[in-house]
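Contents: one structure, followed by commentary.
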Amino acid sequence: MSQNSARLLVSLFGVSGSGRILVPINFRLSPAEVQYIVEHSGADVVMLDEPFAHLADRLQGCRVFILGGDDDELWGEAGQPALWEGDETATATINYTSGTTARPKGVELTHRSLWLNASIFGWQLGVNDDDVYLHTLATFHCNGWGMPYSVTGMGGRHIVLRDIDGHEILRRVRDHGVTLLCAAPAVMHLVLDALSSWEGPVPGRDAVRVVVAGAPPPSRTVERIRDELGWEFIQIYGMTETSPLLTMSRMRREWSDAPAQEQASRLSRAGSPALGVTVRVDDEGEVQARTNHALARYWQDPEETARAHVDGWFRTGDGGTWEDGTLTVLDRKKDVIVSGGENVSSIEVEDALMSHRAVREVAVIGVPDDKWGEAVTALVVLSDPSVTPAELIAHCRTRLAGYKCPKRVELRDGLERTATGKLQKFKLREPYWAGKDRLVN
């Protein structure tokens with residue numbers, strides 16, 4: 001359990017390469033959540049970065065070492081590691097899902113799935129030995145999406161960033177000649193916000209490619225990354241269970257004559273299947289995938305494992321559409337709002353609200369309503385406090401059908417997110433659905 005660090009990066013190779021199983025833990029979790037993962041995974045040894053030393057007394061049934069404090073004990077008489085012959089079907093890591101469900105599930109990823117994901121991802125991104133990769137993505141999340149393996153495999157250089165800060169990202173891009181990074185949309189907003197007080201030329205213009213995932217970004221965000229930063233925008237879609245790469249959306253030559261806004265709109269889609277991946281949308285609108293780098297199983301959870309697979313297809317739980325070889329993710333299926341008998345995509349409403357100059361963050365949820373069944377409700381964080389909810393609703397009416405516009409806008413100081421930038425909508429909904437037997441109305 002560590003923030004991004006050289007030790008954590010090395011552990012991806014050292015622990016797995018010796019035939020042991022690595023369980024990277026989200027360092028933002030509460031002590032009870034950490035304890036649950038340690039106990040559920042059956043970990044024998046826990047290594048804690050120094051800022052998390054206080055957790056040592058909470059963890060039972062395992063040996064705990066504090067990195068930086070117990071180094072002599074840990075490494076002093078370690079000797080040479082035993083050689084491991086290797087088995088590509090063996091479990092390499094157990095990655096606990098990031099909290100869009102109430103209880104995290106342990107995703108078993110094999111050496112084969114990690115290798116295939118890293119190889120295909122690196123191939124399609126064109127990773128090479130000239131690349132300088134900045135770790136803005138938390139390494140614990142799906143093993144940094146596999147980029148540590150891809151970059152190391154091709155002889156690229158790693159710049160490890162411990163704490164996320166917009167100015168620091170820009171500084172490291174400038175000072176180290178960064179060419180590649182991966183980030184959630186929320187991280188890219190921090191970088192864009194930092195531009196207002198950045199002195200000197202924007203670093204990395206026409207040299208950096210940024211891979212965004214974790215939530216479909218608004219087309220406005222795509223435009224700003226391309227125009228204000230001058231960085232190439234690439235979006236991928238996937239999840240921990242698929243190692244994670246399923247689709248990629250990247251600028252195509254045949255779009256070059258299209259207006260910039262149209263290009264951004266196309267790039268905000270999930271994209272086309274990665275090499276070796278097949279995607280379909282079933283009759284109920286659920287996105288399903290068939291790939292060689294999907295999870296082996298959920299750790300100690302045969303019921304969820306069986307539920308996640310149907311006839312060799314992995315059920316993503318996301319709703320989407322498939323057109324002309326391109327996937328568009330509309331929503332988590334459970335995030336579709338049924339208002340007045342019409343389906344409303346929360347992502348579509350969020351995109352409309354984000355196009356307003358004063359909106360910094362937004363989450364759209366459905367709340368019980370006697371008239372509409374579920375009322376479209378927007379929880380909004382503003383950069384300009386003078387803007388009113390009525391103005392935001394009026395803005396939506398210029399972009400969306402009336403039934404899609406929020407019936408209600410609530411102003412918030414911030415929105416709770418997972419470590420990967422995903423909105424924890426089940427937590428945002430809880431106060432509105434308290435006492436309800438069902439979470440649909």
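The values are calculated or read from the model by the stated rules, or taken from the named source; none is laboratory data. Since the structure is predicted, the reported quantities are computational estimates derived from the model, not experimental observations. Glycine also receives a Cβ, built like all others from the backbone with ideal geometry; neighbour counts cover every protein chain displayed. Surface accessibility is based on the protein's heavy atoms, side chains included, excluding ligands, DNA and RNA. Shrake-Rupley method; radii C 1.70, N 1.55, O 1.52, S 1.80 Å.
Things to note:
- Spatially, the range 12-88 and the range 269-347 are offset by 33 Å when compared through their Cα centroids.
- Stokes-Einstein diffusion of the range 125-259 at 10 °C, 1.306 mPa s viscosity, Kirkwood radius from Cα pairs, rounded to a whole number: 104 µm²/s.
- Rolling a 1.4 Å probe over the protein chains gives residue 136 an accessible area of about 10 Å².
- Summarised as an ellipsoid, the range 181-285 has semi-axes of 26, 16, 12 Å, derived from the eigenvalues of the Cα gyration tensor scaled by 5 and square-rooted, with the largest first.
- For the range 143-209, the Kirkwood estimate of the hydrodynamic radius, built from every pair of different alpha carbons, is 12.8 Å.
- Over the C-alpha trace of the range 256-304, radius of gyration and Dmax come out as 16.4, 52 angstrom.
- Length added when fully stretched, residue 434-residue 254, from 0.36 nm per residue minus Cα-Cα: 59.8 nm
- Unpaired Cys in the chain, meaning no second Cys C-beta under 4.7 Å: 62, 142, 182.
- Cα-derived Rg to Rh of the chain, Kirkwood definition: 0.96
- Put 309, 135, 54, 40 in order of accessible area, highest first, and with a 1.4 Å probe you get 54, 309, 40, 135.
- Residues 226, 429, sorted by accessible area with the largest first, give 226, 429 [1.4 Å probe; ligands and nucleic acids excluded].
- Column: log10 I(q)/I(0), Debye, Cα scatterers of the range 14-121, q = 0.09, 0.10, 0.12, 0.13 Å⁻¹: -0.27, -0.34, -0.49, -0.58
- Shown are 47, 248, whose ranking by accessible area with a 1.4 Å probe and every protein chain present, most to least, is 47, 248.
- Distance in nm between pseudo-label sites at residue 13 and residue 171 (7 Å out along the Cβ direction from Cα): 2.8 nm
- For the range 243-374, the Kirkwood hydrodynamic radius comes to 17.0 Å, computed from all pairs of different C-alpha atoms.
- Label-to-label distance, residue 408 versus residue 50, with points set 7 angstrom from Cα along the beta-carbon direction: 4.8 nm.
- One chain, two ends: residue 62 and residue 202. Fully extended at 0.36 nm per residue, the span grows by 45.6 nm beyond their Cα-Cα distance.
- From most to least packed by mean Cβ count within 10 Å, the peptides 190-201, 14-25 give 14-25, 190-201.
- Separation of the residue 123 and residue 398 label points, Cα + 7 Å toward Cβ, nm: 4.7 nm
- Here the range 57-116 was treated as a single set of alpha-carbon atoms; its pair distances binned every 10 Å from 0 give 16, 24, 41, 18, 1 percent.
- From helices alone, the chain scores -7500 deg cm²/dmol at 222 nm; the rule is -39500 (n - 2.57) for each run of n ≥ 4 DSSP H residues, then divide by the residue total.
- nm² value of the averaged projected area, convex hull over the Cα atoms of the range 283-441: 12.1 nm²
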